[in-house]
Amino acid sequence: MTTILIVEDDAEMVGMLTQYLEGEGFAVSGADSMAGALSATLASEPDLVLLDIVLGEEDGRDVLRELRHISDVPVIFLTGRGLESERIAGLKLGADDYIVKPFSLGEVAARIESVLRRAGSSANPLEAVIRRFGDLHINETTHEVRRAGELIDLTSKEFALLAFLAASPRQVYSRAQLLEHVWSSSSEWQNEATVTEHIRRVRAKIEVDPDRPRWIKTVRGVGYRFEPDVQPHAV
């Protein structure tokens with residue numbers, strides 16, 4: 001079931017959205033602060049976040065910046081601020097869409113479905129191949145990764161990052177280059193710490209010992225590279 005996290009401090013708004021979205025078949029959870037949003041995202045890995053730009057004394061844009069350090073989850077801003085300049089600023093921060101209050105519940109559901117469809121498609125189309133590096137197999141057709149035959153659960157962005165690095169073994173990429181190629185973003189829009197956190201998460205999933213990685217190496221002062229044990233072949 002698709003899960004939606006609503007980050008909103010208006011209890012009445014949360015109740016209304018929750019009732020409607022659950023009726024549409026979504027699983028819904030809520031948070032009313034930055035700390036709650038970050039904790040819920042780490043704990044439950046929602047498929048999408050509805051984020052109010054005003055959270056009491058907190059700024060939803062600050063929440064989004066922190067979210068992007070730990071997750072590539074799609075985010076839709078909910079806001080009463082309809083100025084074009086503010087919408088553009090929110091999108092540049094990494095929001096996937098922007099809904100201005102007042103809105104219809106049907107519009108919210110339609111926007112959620114649209115963003116989820118976009119998130120489900122690859123931002124960087126890849127060759128339909130399986131790359132094999134010893135016991136690590138990366139299937140770019142099905143977006144599956146297996147180590148020693150065991151399926152490893154990666155998010156779409158974690159897979160895109162791993163696949164991009166593995167497509168050019170031993171090629172070193174800076175964080176800025178990875179933001180550009182994997183996130184279609186830049187350090188002006190998105191914090192390079194996003195890359196660092198995703199590298200950490202991929203290592204935690206594919207490496208036997210993440211503290212002494214076999215596959216994804218850090219090149220000090222430069223960035224990261226994928227280090228194959230053997231020459232890869234694709235089928």
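The values are calculated or read from the model by the stated rules, or taken from the named source; none is laboratory data. As the structure is a computational prediction, the values presented were derived from the model and not from experiment. Cβ coordinates were reconstructed from backbone atoms using ideal geometry, including for glycine residues, and neighbour counts include every protein chain displayed.
Results, tabulated for the structure shown:
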read-out	value
Candidate set: segment 156-213, residues that are of a type in the set (F, W, Y) and under 28 Å from V115 (Cα atoms); chosen: the one surrounded by the fewest Cβ atoms within 10 Å (Cβ to Cβ)	W189
Index of the failed condition, R146 passing every other in (1) at pLDDT 85 or above; (2) outside any strand (DSSP E or B)	(2)
Residue check, S174 within 22 Å of the chain's Cα centre (by Cα), modelled with pLDDT of 90 or more and over 28 Å from D135 (Cβ atoms)	yes
Filtered residues of segment 190-228 (kept if part of a loop (DSSP other than H, G, I, E, B), touching a Leu at 6+ places or on another chain (Cβ under 7 Å), under 17 Å from L67 (Cβ atoms) and not charged (D, E, K, R))	Q190
Tally, over segment 86-118, of residues that are buried (at least 17 other Cβ atoms within 10 Å of the Cβ), modelled with pLDDT under 85 and either in the same structural domain as L161 (by TED's automatic domain parsing) or part of a helix (DSSP H, G or I) (or both)	2
Filter result for G80 (touching a helix residue (DSSP H, G or I) at 6+ places or on another chain (Cβ under 8 Å) and at pLDDT below 85)	no
Residue tally, condition in contact with a strand residue (DSSP E or B) (Cβ under 6 Å, 6 or more places away or on another chain) and not in a strand (DSSP E or B), over segment 45-62	4
